[in-house]
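What follows is a short report on a single structure.
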Amino acid sequence: MNLPALLKSGYKKHEHKLLKVVTDVAEDYMCNTAKEVAETFNRDECGVSVDGTWQRRGHISLNGCVAVLSIDTRKVLDLEVMSSYCPTCRKLQKMHKNAEYVALKADHIWQCNYECSSAKMESIGAHRIFSRSVKSRQLKYTTYYGGGDSKGFLSVQNIYGINSVLKLE
């Protein structure tokens, strides 16, 4: 088609715009789901299913996410994406003595939001989601539906007060 190639900086700019649009759409969807639960069932508490997934099997993954789904509507109420790896940071660590380090650091977008082992991702992600549930969704997740191996429950069972979250398997 004889079109000029897109520069890396232009590609990154469009990539960030697209990510913002997708993030905003997902956030609107999850807020609408929370409103639907509150209005349909006329309450500010609900039961949720919590589960985590990782990029790799086992406990060696650098990326993962935790999702909270409404038991009533079977829709996603909240999602926490976690990463302990940032390609830009890695690059900066390798060239920290070069002049390029300063130039890259100025426009760096931080991608890490988690620094523990992947074994703790589900519990930390669940805690983050439950912590913001009242403020961002106007809901308390008072019933936790999870598997017997669910580590996330221990991190949230007292989040709204002592034994405020009940676990059902």
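For the reader, a short list of remarks on this structure follows.
- Surface/4 of the Cα convex hull for segment 114-168, nm²: 4.0
- Working note: Karplus 6.51/-1.76/1.60 with θ = phi - 60° gives segment 28-36 the couplings 4, 4, 5, 5, 5, 5, 5, 5, 4 Hz, where Gly and Pro are set to x.
- Amide H contacts of L139: V134, each under 5 Å away and 5 or more positions distant or on a separate chain (H built 1.01 Å from N in the peptide plane; Pro and chain starts excluded).
- Principal axis dimensions, segment 24-67 - Cα atoms, whole angstrom, descending: 42, 24, 10
- Scalar couplings 3J(HN,Hα) for segment 150-163, obtained by applying the Karplus form with A = 6.51, B = -1.76, C = 1.60 to θ = phi - 60°, are 5, 8, x, 4, 4, 7, 10, 4, 10, 5, 9, x, 5, 6 Hz; x denotes Gly and Pro.
- Highest average packing first - 159-167, 69-77, 21-29, Cβ atoms within 10 Å: 69-77, 159-167, 21-29
- 3J(HN,Hα) from dihedral phi, segment 119-125, Karplus parametrisation 6.51/-1.76/1.60, rounded to Hz, x for glycine, proline: 5, 9, 4, 5, 5, 5, x
- Long-range amide H partners of K167 with built H, under 5 Å: Y144
Coordinate-derived values only; no laboratory data. Keep in mind it's a predicted model, so treat the numbers as computed, not measured. All Cβ positions, glycine included, derive from the backbone under ideal geometry; neighbour counts span all protein chains shown.
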